[in-house]
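Colleague: Before anything else, here's the structure in question.
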Amino acid sequence: MTEAMIETSGLTRHFTVRTETVEAVKGLDLRVDTGELVALLGPNGAGKSTTLRMLTTLLAPTSGTARVAGFDVRTQQREVRGHIGYIGQGNGAGHSQRGRDELVSQGRAYGMTASAARARADELVESLDLSAVADRVVSKLSGGQRRRLDIAMGLIHAPALLFLDEPSTGLDPQNRANLQEHIQRLRADHGTTIVLTTHYLDEADSLAERVIVIDHGSIIADNTPARLKAEHAGDRITLTFDNATQAARVIGHHALGIAEGAQVSQSGAQVVLEVPGGAQIAPKLLRALDDALLEVASVEVTRPTLDDVFLTLTGRSLREDVSLKEKKA
Amino acid sequence: MTTALVAKTGIVADTLTVFSRELRPVLRNPFSVIFTMVQPLFFLALFAPLLPGDSSLQWFVPGIVVMSCLFGTSMTGSNLLYEMQTGSHERMLVSPLRRPALIMGRALKEIVPMLAQTVLLVLVTMPFGFTLNVGGAAIGLVILAIFCVGLGALSYTLALASKDQEWMFWGVQQTLLFPLLLLAGMMLPIDNGPQWLQTMAKFNPLTYVVDAERLLFNGTIASGTVLAGLAAAVVVAALGLFVGTRAMRKA
């Protein structure tokens, strides 16, 4: 059996806003094994960051327990801190400092000798492509460069467990791709256990092997992206007809029997079938409809996304939440 | 390789790590020390000539040295405030650095600009006739260093308390700065003032520090006033580090 890197039981955090008590995280039971790459996915305010802040000792739990890297976040804070790396939403490196100086200070903070810290800083500067800017004042760096420096800061002591809070927020697509590559390399080369929060669906999907969907402070789903999609959202076959009358004739027609167990719905001239294995079913379905002289104008098969999973689970689209947030920002 | 790099550190090593991190931007850009001195230098240039008597500099310069320390050190919390906004403070909170070290390292750094500013003030006033008792001044600087650490810690505490509300930090700092300064008799002697003013001055720890510095810079060492100055500085330092550590633990 693999070792538990994170184990929480009934982890809860309340906030008091004016006189109201807000339950940001409600009785979280979570286990992350050594070497896992886990994404906490959820809309803004779902409790992802609060969970992360409790696991990294930045926030005391209201109740419940959490053991991180073998230590209790409440009673063994320094031990927890010494064994984890943390890349927050802001910039780890001070803006008035030089990047390389900050890397060395960070190493010293973890008890590395000055020479070990310098050597490790050089290594990370090299591997994160920061050689040209490491000796500049941090405030002069671009957003992407600063983020790479943040990653270097989090990795200085080669932690076995790394937390990243919304690592790719504010990055352009190229820098996001770069970041994901680094995270995957870290995992492959060093077996680092990685826990990250994100509200980007594609990021959770492509990066993590395990996605934990959080909403209103509770875990509502926890599985691999593929399993989540298979369990909570089928493939989608969209058939378009010439008009709504024709589409209506299809509903309840025995030709649809091919797509056994499909959820069928009509909207205007379109009929949508949600069913597992949609790509295999679609050609047979078209033949059956053709035989029944029901002429299909066009067909589209779409694979489900994690957003469909979220929609099925909560009745809300995560995409709407995100776009709302980005508009506000 | 995962944990081989990490080693346990002591409080002294932690404090040193924080201290040298804070000091580095100052060393990289020594002129930054002068920026917080601009106002004291103006007082020296434009106010000191108004004081009566030939030996007015002997009375005024030690006060300006304390003023310079007061201005620079009381503002230092704004650096922490900025780091709380950008995220580097959070990263230090997640590191195993001990909480008292996070305050002590920062506060101890305040001694360095204070020393540099004092040397500068003495150097620019000497051509105008200011004379200095080196032994006394050295003791004076020890007292001022202790005071500085306390004041710096208080400024950082204020920064931690003003989290996300920058206006509060500046509001409190600016509101306290001038009453403290005037009530310490830094600009004009309190002795001739009304009784209520003298009473208020007695509750200002800065009064004792300024009085002690005046005697020490002029060569009087064995004096109750000097002891009182030292005591005031120690009280400010103890209070500052106590509330600062508490605030850092809660941060």
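Colleague: Which ranges mark the helices (runs of 4 or more DSSP H) fully within the range B:78-140 that have 1 or more residues being farther than 24 Å from residue B:236 by Cβ and of a type in the set (S, T, N, Q)?
Modeller: B:88-94, B:111-125
Colleague: Now, a different point. Give me the helices (runs of 4 or more DSSP H) completely within the range B:1-67, filtered to those with at least 2 residues that are within 8 Å of chain A (Cβ to nearest Cβ), ordered by residue number.
Modeller: Hits in the range B:1-67: B:11-28.
Colleague: Further, regarding this structure: If you go through the range B:40-58 one residue at a time, do you hit one that is free of Cβ contacts under 8 Å to residues at least 40 places away in the same chain, of a type in the set (Ser, Thr, Tyr) and more than 18 Å from residue B:248 (Cβ to Cβ)?
Modeller: yes
Colleague: Return the only residue of A:186, A:196 being within 14 Å of another protein chain (Cβ to nearest Cβ), within 15 Å of residue A:164 (Cβ to Cβ) and not charged (D, E, K, R).
Modeller: A:186
Quick grid of which residues meet (1) within 14 Å of residue B:69 (Cα to Cα); (2) touching a residue at least 60 places away in the same chain (Cβ under 8 Å); (3) in contact with a His (Cβ under 7 Å, 6 or more places away or on another chain):
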{"position": "B:144", "(1), (2), (3)": "yes, yes, no"}
{"position": "B:200", "(1), (2), (3)": "no, no, no"}
{"position": "B:204", "(1), (2), (3)": "no, no, no"}
{"position": "B:234", "(1), (2), (3)": "no, yes, no"}
{"position": "B:238", "(1), (2), (3)": "no, yes, no"}
{"position": "B:242", "(1), (2), (3)": "no, no, no"}
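Colleague: Right, another one. I need the full set of residues from the range B:215-230 which are surrounded by 15 or more Cβ atoms within 10 Å (Cβ to Cβ), out of contact with any Asp or Glu (no Cβ under 9 Å at 6 or more places or on another chain) and without any contact (Cβ under 8 Å) to a residue 60 or more places away in the chain, in order please.
Modeller: Of everything in the range B:215-230, nothing turns out to be surrounded by 15 or more Cβ atoms within 10 Å (Cβ to Cβ), out of contact with any Asp or Glu (no Cβ under 9 Å at 6 or more places or on another chain) and without any contact (Cβ under 8 Å) to a residue 60 or more places away in the chain.
Colleague: Go through the residues of the range A:279-294 one by one and say whether even a single one is under 21 Å from residue A:246 (Cβ atoms), in contact with a Lys or Arg (Cβ under 8 Å, 6 or more places away or on another chain) and not hydroxyl-bearing (Ser, Thr, Tyr).
Modeller: Within the range A:279-294, one or more residues are under 21 Å from residue A:246 (Cβ atoms), in contact with a Lys or Arg (Cβ under 8 Å, 6 or more places away or on another chain) and not hydroxyl-bearing (Ser, Thr, Tyr).
Colleague: Shifting gears a bit: Can you work out which of the residues in the range A:26-66 that are more than 18 Å from residue A:194 (Cβ to Cβ) and charged (D, E, K, R) is surrounded by the most Cβ atoms within 10 Å (Cβ to Cβ)?
Modeller: Across the range A:26-66, the extreme among qualifying residues is A:26.
Colleague: Which residues, counting only those in the range B:75-104, are crowded, with 22+ Cβ neighbours inside 10 Å, farther than 26 Å from residue A:52 by Cβ and not aliphatic (A, V, I, L, M)?
Modeller: B:76, B:77 - these are the residues of the range B:75-104 that are crowded, with 22+ Cβ neighbours inside 10 Å, farther than 26 Å from residue A:52 by Cβ and not aliphatic (A, V, I, L, M).
All of the numbers you see were taken from the coordinates with simple rules; none came from a lab. These figures come from a predicted structure and were not determined experimentally. Ideal geometry is used to build each Cβ from the backbone, glycine not excepted, and the neighbour counts take in all protein chains shown.
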